[in-house]
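I have placed the structure first, in the form of structure tokens, so that the comments after it can refer back to it.
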Amino acid sequence: MSAAPLMQENRPAAAAVRDVRRRSGRRRRAVLAALAAAVVVLFFAGVLLGSYTVTIPDFVRILAGERIPGASFIVMESKLPRAVTAVLIGAAFGISGHLFQTMLRNPLASPDIIGISYGASAAAVTAMVVFGATGAGVSLAALAGACVIAVSLHLLSRRGGASGARLVLMGIGFAAVLQAVVNFLLTRTDVRTAAESLVWLTGSLNSASWERAGIVAAALVVLIPAAVLLGRRLRVLELGDDFAAGLGLPVEGTRAGLLFTGVALAAVATAAAGPVAFVAFLAGPISRQLIGGRASLAAAALTGALILLAADFVAGNLLPGALPVGVVTGALGAPFLLWLLVSSNRVGRGG
Amino acid sequence: MQNKLEARDLVLSYADRTVVDGLTVELPAGKITVIVGANACGKSTLLRGLARLLKPASGVVELNGRNINSMPSREVARTLGLLPQTPNAPDGITVADLVGRGRYPHQGWFRQWNADDDAAVAAALEATGTLELAGRDIDELSGGQRQRVWIAMALAQQTDILLLDEPTTFLDVTHQVEVLDLVTDLNRRAGTTVVIVLHDLNLAARYADHLIAMKGGCIAAQGAPADVVTEELVQDVFGLEAAVIPDPVSGTPMVVPVGRHHSRPAPAAKNPAVGYLPNPHDSRHEHHNPMEAAS
């Protein structure tokens, strides 16, 4: 290095840097393409297979507007909206988990661990048990509950610095309280309401409809671009607050924006299908393992969608009885993450 | 060259604890300034204040005559770079990717990565001798390599002023010297104004053009190392009894601590100033040392 003039134009060196950048980009794109392909395959498997199997020619005819007795209704009113909802909320959970885990530099810091999903649950169960709410009322309550917890976390963590571990501990504290509230309400109510509440708490796609999928899609049209733009700043923020501020990033504003976007994504998804267990928590670490250790928003989104589609397919076709999807997500995703962690022999790739 | 950095009557505090108390300093342009002092004397806090990471409770930090806290942060980041004490390396990214993040202040909502950025990253890697590491993962690097990569990242920012907070912490002596040599190369060849907070007085005296010794949030002494580092100052600032002798390699002052289990041989160290060559880089010697009259 001593011979080369410092900070001078050097074409071969710049080309080498470009090559490195393109190589790591290629790996990322290959993983993304594979994930996207898997999402497409599972999407159609979910729509076409099952208790009522639809052939591909029939499916094309249905999409073209032809009415096939029985099949048309099942595909258009049940299976298709269900699969679309699974993709949308899976992606929303995945992105939300990615934003939180990367921003707080802690793989535990996903919305389902740090109390945001519990806030939604407590509010939704209160609405169901105390006010007898159903459908949209439950969704609105869940949305409000998540936001209340997010604002409380933000305000509390501002006092004395928003370190990742601190916020995670606070969130787990909130979760414990809210879990107690949910348990209290469930033990006090009649068995039928309790059973309904439990299905919602587990997370279920049974109430999926075009209307609901439309609401989630409309929210994502706003939230995903916001997440992508903020995600670029996240690449600087994850170097540490001092470094980020030194590079000219408005640290506080960026953090607030990320928190808001992450909460909104988790809240919208939870309102639509309940707090589907562990999708937000697992999508980030699994996608990281697949991509070779680094975080990627797109990979987390696709992985979230994949987990939900796969879990719904397993719950609907491979297991007896129509289980809510949330029963399967954790049971399916967690062992997969464990297998990835054990099979990768590198240290420090926890998430 | 746009690199005039100064502080006037600067007061910096965390909550209600005042750490830097009414400090006025001008960092000489195009020189290497090293800030030394005991733990908790406010030297890292001063650096954070100079880098606008900490808003002054009163007083002002000026960059080229403008209040640094009222300038657009990105504009500051194109002139002044900072390497904090404990930067955080994200998992699973390559050296080239990490160094590339130093280009953030040169990018915008619409201006994305381009050939200039590749060239800047390449130059920074080359200057720090890390070009051959470009494709490696950060977590595969040794401590010394990693520190050079962090410096490369600060270089990729392409600023005229570079602030380094204890860049040699956790490095063995070989890598400490390597890092300081690297910073000196940068200063000598590109004229970058460098401000470093260091623990090691001997390395500070050797590499500084201008040395600032801090005590209790104020400047105890500043000037050329040969003028600043005296037995009296070491006693005053660090509370350490030490002999100060000329460094046999560089001729700069070298501090040899006495400690409780040794006593100094009487006559030789009586006049520490003998044998020093005045530092040709520095013409402004300020003497705040209260013991100065005694020598």
So which chymotrypsin sites (Phe, Trp or Tyr not before Pro) in the stretch A:17-59 pass both tests, a DSSP loop state and at most 15 other Cβ atoms within 10 Å of the Cβ?
A:Y52
Classify the stretch A:164-262: rounded, prolate or oblate, from the alpha-carbon gyration tensor (a ≥ b ≥ c, eigenvalue square roots; a/c under 1.5 rounded; otherwise prolate if a/b is larger than b/c)?
oblate
Placing unit charges on C-beta atoms (Lys and Arg positive, Asp and Glu negative, everything else neutral), compute the dipole magnitude of the stretch A:194-351 about its Cα centre in debye, rounded to 20.
460
Per the Debye formula with a single identical scatterer at each Cα and no solvent contribution, what log10 I(q)/I(0) holds for the stretch A:1-131 at q = 0.15 Å⁻¹?
-0.97
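In terms of the Cα gyration tensor, with a ≥ b ≥ c the square roots of its eigenvalues, is the stretch A:224-347 rounded because a/c is under 1.5, prolate because a/b exceeds b/c, or oblate?
Numbers: a/c = 3.24, a/b = 1.64, b/c = 1.98.
The shape class here is oblate.
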Among the lysines, which fall within straight-line cross-link reach of B:K215, defined as a Cα-Cα distance under 29 Å, with same-chain neighbours fewer than 8 residues apart omitted?
B:K4, B:K31, B:K43, B:K55, B:K270
Regarding chain B, what are the three Cα extents along the principal axes, ordered largest first, in Å?
67, 42, 36
Considering every residue in A:246-255, what mean count of other chain Cβ atoms within 10 Å of its Cβ is obtained?
6
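How long is the gain from A:A180 to A:A256 if the chain were fully straight, where each residue apart is worth 0.36 nm and the alpha carbon distance is subtracted?
The span from A:A180 to A:A256 would gain 24.5 nm if fully extended.
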Dividing the mean separation of Cα pairs under 8 Å (6+ apart) by the residue count of chain A yields a relative contact order in percent of 29
Once you charge only the Cβ atoms, +1 for Lys and Arg and -1 for Asp and Glu, what is the size of the charge dipole of the protein assembly as shown about its Cα centre, to the nearest 20 debye?
1660
Looking only at Cα atoms, what is the convex hull volume of the stretch A:86-181 per residue, in Å³?
90
How high is the relative contact order of the stretch B:20-133? Use alpha-carbon pairs under 8 Å, at least six apart in sequence, and give a whole percent.
15
Apply 1/(1 + (r/R0)^6) to the Cβ-Cβ distance of B:R8 and B:R188, taking R0 = 22 Å, and write down the FRET efficiency to the nearest 0.05.
0.15
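Among DSSP bridges having both ends in chain B, what percentage is antiparallel? Round to the nearest 5.
60
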Given the peptides A:88-94, A:138-144, arrange them by the average over their residues of other C-beta atoms within 10 Å, most packed first.
A:88-94, A:138-144
Could you state the angle between the C-alpha long axis of helix A:325-343 and the longest principal axis of the C-alpha atoms of chain A, as a value from 0 to 90 degrees rounded to the nearest 10?
30
Global form of chain A, assessed from the alpha-carbon gyration tensor, a/c cut-off 1.5
oblate
Name all residues of the stretch A:98-119 having a backbone nitrogen under 15 Å from the label point set 7 Å from the Cα of B:N88 along its Cα→Cβ direction, giving them as ranges.
A:98-110
GNM on chain A, Cα springs under 10 Å; top mean-square fluctuation among A:A310, A:A133, A:A15 goes to A:A15
Take the Cα of A:Y52, step 7 Å along the line toward its Cβ, and report every residue of the stretch A:81-112 whose backbone nitrogen sits under 13 Å from that point.
A:81-82
What do you get for the angle between helix A:297-313 and the principal long axis of chain A? Use alpha-carbon atoms, 0 to 90 degrees, nearest ten.
30
Label model pair B:D172, A:T187: point-to-point distance (7 angstrom along the Cα→beta-carbon line) in nm is 6.1
DSSP loop trypsin sites (Lys or Arg not before Pro) with at most 15 other Cβ within 10 Å: longest gap in chain A:
A:160-345
I want to check the label-to-label distance for A:S209 and A:L338. Put each point 7 Å from Cα in the C-beta direction and report it in nm to one decimal.
4.0
If you take each beta carbon of peptide B:124-131 and count the beta carbons of other chains within 10 angstrom, what is the mean?
5
With only alpha-carbon atoms counted, please give the Rg and Dmax of the protein assembly as shown, in Å.
30.2, 110
Top mean-square fluctuation among B:V228, B:V99, B:V256, Gaussian network model of chain B, C-alpha springs under 10 Å?
B:V256
Quickly work out the B:E75-to-B:A57 label distance, labels modelled 7 Å from Cα along the C-beta direction, and quote it in nm with one decimal.
2.9
What accessible area per residue comes out for the protein assembly as shown, rounded to a whole number of Å², with a 1.4 Å probe?
43
Just checking the output field for A:228-239: average partner chain Cβ neighbours within 10 Å of each residue's Cβ?
3
Where does each of B:H199, B:H175 land when they are ordered by accessible area, with a 1.4 Å probe and the largest first?
B:H199, B:H175
Estimate the FRET efficiency between A:D19 and B:Q107 by the formula 1/(1 + (r/R0)^6), using the beta-carbon distance for r and 22 Å for R0, to the nearest 0.05.
0.60
Set Lys and Arg Cβ to +1 and Asp and Glu Cβ to -1, take the dipole of chain A about its Cα centre, and tell me which of A:L340, A:V314, A:A266 lies farthest positive.
A:L340
When chain A is treated as a GNM, springs tying every alpha-carbon pair under 10 Å, which of A:G293, A:G173, A:G246 comes out with the largest mean-square fluctuation?
A:G246
Please state the relative contact order of chain B as a whole percent: Cα pairs under 8 Å, 6+ residues apart?
21
Can you give the charge dipole size of chain A about its Cα centre, rounded to the nearest 20 debye, using +1 on the beta carbon of Lys and Arg and -1 on the beta carbon of Asp and Glu?
1200
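The values are calculated or read from the model by the stated rules, or taken from the named source; none is laboratory data. As the structure is a prediction and not an experimental result, all values here were calculated from the model. Note that we place each Cβ from the backbone using ideal geometry, even for glycine, and neighbour counts take in every protein chain shown. SASA here: full protein model, heavy atoms, side chains in, ligands and nucleic acids out. Shrake-Rupley method; radii C 1.70, N 1.55, O 1.52, S 1.80 Å.
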